[in-house]
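A.B. asks: Got a structure here, written out as structure tokens. Questions coming.
The values are calculated or read from the model by the stated rules, or taken from the named source; none is laboratory data. Predicted, not measured: the structure shown is a model, and the values here were computed from it. Cβ coordinates were reconstructed from backbone atoms using ideal geometry, including for glycine residues, and neighbour counts include every protein chain displayed. The area values use the complete protein model at the heavy-atom level, side chains included, leaving out ligands, DNA and RNA. Shrake-Rupley method; radii C 1.70, N 1.55, O 1.52, S 1.80 Å.
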Amino acid sequence: MDSADNSAIMTIDLSRGRFRVHKSTLNKMGRPQYIQFLVNPEEMLIAILGSDRPLSGGTANNVQQFQLTKHSVEFYSSTLMSALVDMIGILDFRYSYRVSGEVDVANRVAYFSMKTLKRNER
């Protein structure tokens, strides 16, 4: 893998209310202990902010380090899923979707444009 590769991948599983952040994305973010999901509906973006301590003023999700032995780390949030559906519009809850983006390594943030959303076939 090229060290200049800052690509990021996340899978959104609507039927389970699950967000799967790929391990390579978290590694590029410096293996944060905590992450926070941020939504910008005007720009159709979701960002993941990494930190080594809980973030004040928001909901921090603990990254279970034992999960990093897998290919991805899973997070469940009906609130975030509702925000996503409100932002995008009609989505088919029978499918999962893959979204791509990039990592700002210096700031430990992964940015995902919802315009890159692609349905995964089952």
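A.B. asks: Residues in region 28-39 that are open to solvent by 40 Å² or more (accessible area, probe 1.4 Å) and either more than 16 Å from S100 (Cα to Cα) or in contact with a helix residue (DSSP H, G or I) (Cβ under 8 Å, 6 or more places away or on another chain) (or both): how many?
C.D. replies: 5
A.B. asks: Would you call R31 under 19 Å from S7 (Cβ atoms), under 15 Å from the mean Cα position of the chain (by Cα), part of a loop (DSSP other than H, G, I, E, B) and not aromatic (F, W, Y)?
C.D. replies: So R31 passes the test.
A.B. asks: For region 52-79, enumerate the residues that are of a type in the set (A, V, I, L, M, F, W, C), within 19 Å of A8 (Cα to Cα) and either outside any strand (DSSP E or B) or at pLDDT 90 or above (or both).
C.D. replies: V63, L68
A.B. asks: While we're looking at this one, here's another question. Exactly one of these conditions fails for S100: (1) in a strand (DSSP E or B); (2) open to solvent by less than 40 Å² (accessible area, probe 1.4 Å); (3) of a type in the set (G, A, S). Give me its number.
C.D. replies: (2)
A.B. asks: Next question. What are the pairs with Cβ atoms under 7 angstrom where one residue, in region 29-46, is farther than 23 Å from S72 by Cβ and the other, located anywhere, is among the aliphatic types (A, V, I, L, M) and crowded, with 16+ Cβ neighbours inside 10 Å? Sequence gap at least six, or different chains.
C.D. replies: P41/M87
A.B. asks: Among the residues of region 103-122 satisfying the criterion of being part of a loop (DSSP other than H, G, I, E, B) and open to solvent by less than 90 Å² (accessible area, probe 1.4 Å), which is nearest to S15 (Cα to Cα)?
C.D. replies: Residue satisfying both the conditions and the ranking: L117.
A.B. asks: Here's a follow-up. Of the residues L84, L49, which single one is out of contact with any Pro (no Cβ under 6 Å at 6 or more places or on another chain), buried (at least 19 other Cβ atoms within 10 Å of the Cβ), at negative phi and in a helix (DSSP H, G or I)?
C.D. replies: Matching residue, one of L84, L49: L84.
A.B. asks: Might you check whether a residue that is surrounded by fewer than 18 Cβ atoms within 10 Å (Cβ to Cβ), under 14 Å from Y111 (Cα atoms) and among the hydroxyl-bearing types (S, T, Y) occurs anywhere in region 2-11?
C.D. replies: yes
A.B. asks: Still on this structure, I have one more. Could you tell me whether F75 is of a type in the set (F, W, Y), open to solvent by 30 Å² or more (accessible area, probe 1.4 Å) and free of Cβ contacts under 8 Å to residues at least 60 places away in the same chain?
C.D. replies: So F75 fails the test.
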